[in-house]
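Note sheet for the following structure.
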Amino acid sequence: QLQLAVPIAVVFAPGSVPGDLPRPLPFRDVEEMEISVNLRSSITSRYETLYRSTTAQEEAALDAATAREADAALCLLQDASLGSLTVYVVPEASSVLSQGVSVYVGTHRSALVRAGGGLAALRTRLRQLTQLMSFTASSITAALSDRVPDSQLSPDARRHLKSSLGYEITFSLLNPDPKSHDVDWNIEDAVNRYVQPVLDKLSLLANFSVDSQILYYAVLGVTPRFDKESSSFLLSAHSLPHVINPVEARLGSSAASLYPVLNFLLYVPERSHSPLYIQDRDGASVSTNAFHSPRWGGIMVYNVEAPDSPLASLPLHVDVDMVRVMEVFLAQLRLLFGLAREELPPEFLLESPGNEGLADWELDRLLWAHTVENIATVSTTLTSLAQLLDKIGNIVIKDDVASEVYQAVASAQSAMANLATGHLQLAFQASKEAVTSSERAFFDPSLLHLLYFPDDQKFAIYIPLFLPMAVPILLSLAKIVREARQHKKEPTKMD
């Protein structure tokens, strides 16, 4: 039974205080909501809201010309702890919000809301913001997808990557026709400029390693269809699942990996199948000419313009536009982590995170989901270990294994306690320690099940060995007993 506490501060600028507040400022309010997981467990989300007035520094920050400038100035003044939210209520006539915008969500952990409509309207906005910036019932049930009935899961629940202590990212350039195309991609510079800032932000979540490779003569394994009208080749949506297996056999990155591998493939079609376009289920061309596979990665088809002269020398030199490629791969990376932007009312304005790739509150969303998932993983691992030890009565538990189990339980309890008090960063760190300890205990070599056999397995193994030897011994013993009995029955001769 988990309780997730979200600390929220609602800050009223002068002229924005609703007239129907139940108590004078400042005051606190608590709202709870139940998230049903399955028949045996549920999660309580607890929103602890502090209503107060702005300070002089916050008033000065809210006088900025634009909402972006105000958000940057307010970030330095507010509580920056992970999982917390600060909502600034500005007067209805305030010019900091653009015309037609009632709610502005910045790149940090704060939002600006235009006053109007009283306390009920404000609480509706607050509910929308907490659902957007912290967690939702669907994001929590997706984190617990192994325990939740399929009927309660959203269609995208199993698309996101499972929580892990680390991830390996592999960028692969597939050149099936090196005789025709000499492809050059500056992947190292592109990773440093576009991918590394995102991974730096996600470093709190897990450890990341990045590598790249170029594969020659690697084909997709699916023959595209030629379209006469457009004089191009087409890959339909139903054929895309068959593309991955042949390519994955060439990648080789997941064979020796301890962590999940995210594959991002840039495919330059051979000259005989160029240009190549991907179609969606409705038959329309996909604008990015790319597709992603849940929990695996993504593939982008990069078409090369045909040379103006048919007598042009081969191979044709190709410089890949890495800006266009990285835009697609970063969007696919967000999808793999479950950071797709949700549909919002038209009066909402979300600031783009820019080069960092994700906002602070989006990182918090990931931490909420991964903390809950880690605690569930620890529970499952320790339960499986206990069931294993119950089945094998003669198994030996070493002191270091026992200490790992105790450490896992203590860390999981610490994570749950920190979640209940709203300390998201401490909860996540404790949940990672619990996962590490539980897996060390479960996969300890001394607990290898092949070293221990239940009694029924011992009989099954040893009876076929001893039975052939036991049969003649038993028959000889029976013969000896029978002869002894006959000897006793015979009368003794008397001289």
By residue number, the members of region 267-294 that are open to solvent by 50 Å² or more (accessible area, probe 1.4 Å) and touching a helix residue (DSSP H, G or I) at 6+ places or on another chain (Cβ under 6 Å) are Asp280, Arg281, Thr288, His292
Looking at (1) under 21 Å from Leu336 (Cα atoms); (2) touching an Asp or Glu at 6+ places or on another chain (Cβ under 8 Å); (3) open to solvent by 40 Å² or more (accessible area, probe 1.4 Å), can you tell me which one Ser257 breaks? (3)
Given the criteria assigned by the TED database to the domain that holds Leu258, touching a residue at least 12 places away in the same chain (Cβ under 8 Å), among the hydroxyl-bearing types (Ser, Thr, Tyr) and open to solvent by less than 40 Å² (accessible area, probe 1.4 Å), does Thr170 qualify? yes
Test of understanding: among Val372, Val396, Val320, which residue is crowded, with 18+ Cβ neighbours inside 10 Å and either at pLDDT below 90 or assigned by the TED database to the domain that holds Val183 (or both)? Val320
Scan of region 52-96 for residues that are crowded, with 16+ Cβ neighbours inside 10 Å and in a loop (DSSP other than H, G, I, E, B), ordered by number: Thr54, Ala64, Leu77, Gln78, Leu82, Gly83, Ser84, Pro91, Ser94, Val96
Would a scan of region 322-340 turn up a residue that is touching a strand residue (DSSP E or B) at 6+ places or on another chain (Cβ under 7 Å), more than 25 Å from Leu448 (Cα to Cα) and of a type in the set (D, E, K, R)? no
Val401 is checked against (1) open to solvent by 50 Å² or more (accessible area, probe 1.4 Å); (2) more than 28 Å from Leu161 (Cβ to Cβ); (3) not polar (S, T, N, Q) and fails just one. What number does that condition carry? (1)
Scan region 266-280 and tell me whether some residue there is under 20 Å from Arg193 (Cα atoms) and at pLDDT 90 or above. yes
Only residues in region 376-393 that are among the basic types (Lys, Arg) count as the first member; pair them with residues that are at pLDDT below 90, Cβ under 8 angstrom, at least 6 apart or cross-chain, and list the lot. Lys391/Pro454
Considering only region 21-51, how many residues are closer than 30 Å to Arg147 by Cα, open to solvent by less than 60 Å² (accessible area, probe 1.4 Å) and assigned to a loop (DSSP other than H, G, I, E, B)? 3
Give the residue, chosen from Phe233, Phe264, that is touching a residue at least 60 places away in the same chain (Cβ under 8 Å) and surrounded by 13 or more Cβ atoms within 10 Å (Cβ to Cβ). Phe264
Return yes when Ser446 is at pLDDT below 90, in a helix (DSSP H, G or I) and open to solvent by less than 50 Å² (accessible area, probe 1.4 Å) and no when it is not. yes
Check Thr124 against each of (1) outside any loop (DSSP other than H, G, I, E, B); (2) β-branched (Val, Ile, Thr); (3) touching a residue at least 40 places away in the same chain (Cβ under 8 Å) and name the one condition it does not meet. (3)
Which condition number does Leu251 fail, the rest of (1) within 23 Å of the chain's Cα centre (by Cα); (2) surrounded by fewer than 19 Cβ atoms within 10 Å (Cβ to Cβ) being met? (2)
Residues that are touching a Phe, Trp or Tyr at 6+ places or on another chain (Cβ under 6 Å) and under 23 Å from Glu305 (Cβ atoms): which strands (runs of 3 or more DSSP E) entirely in region 152-249 hold 2 or more of them? 166-175, 232-235
Members of region 1-20 found to be part of a loop (DSSP other than H, G, I, E, B) and aliphatic (A, V, I, L, M), listed by number: Ala13, Val17
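The values are calculated or read from the model by the stated rules, or taken from the named source; none is laboratory data. These numbers come from a predicted model, not from an experiment. When we count neighbours, we look across all protein chains shown, and the Cβ atoms used for this are built from the backbone with ideal geometry, even at glycine. Only protein heavy atoms, including side chains, enter the accessible area calculation; ligands, DNA and RNA are left aside. Shrake-Rupley method; radii C 1.70, N 1.55, O 1.52, S 1.80 Å.
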